[in-house]
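Enquirer: Here you go, one structure.
All of the numbers you see were taken from the coordinates with simple rules; none came from a lab. In this text, all values refer to a predicted model and were calculated from it rather than measured experimentally. Neighbour counts are summed over all protein chains in view; Cβ atoms, including those assigned to glycine, are modelled from backbone coordinates with ideal geometry.
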Amino acid sequence: KRRSNRLRPGAPWLKTTLVQCAVSASKAKGTYLRALYHRLRARRGPKKAICALAASMLTAIYHMLKDGTFYTDLGPDHFDKLDKKHQTSRLVRRLKELGYAVQLEPIPATG
């Protein structure tokens, strides 16, 4: 897919501020925004990922102001939780490509 990668027109001071905040958020450990940045950086590159992160932050800020809610971080493992089966098959396929035989056994739940 070819997705749009342009910044929307807006106030120049807001863009620079959001990009600075996005750079800082991408370096904060154990956050959803860092996980989002690394996910986007793999496909788009670091600069486009920062701009996308800034746009995502602006959307979150808009909804917080509109609804009067606080920011709740989804956590760094949010994307892994979304589709566990897909993540598992991707990692197994990657190990097979590296020359390992893989047999999966679920770990018993400990309470």
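Enquirer: So how do 76-88, 31-43, 54-66 stack up, highest first, on mean other-Cβ count within 10 Å?
Expert: On the way: 76-88: 11.6, 31-43: 17.0, 54-66: 13.9.
Top of the packing list down: 31-43, 54-66, 76-88.
Enquirer: Beyond a 23 Å Cα-Cα separation, which of these cross-linked pairs lie in this structure: Lys27/Lys66; Lys47/Lys85; Lys29/Lys81?
Expert: On the way: Lys27/Lys66 27 Å; Lys47/Lys85 31 Å; Lys29/Lys81 18 Å.
From the list (Lys27/Lys66; Lys47/Lys85; Lys29/Lys81), the Cα-Cα distance tops 23 Å for Lys27/Lys66; Lys47/Lys85.
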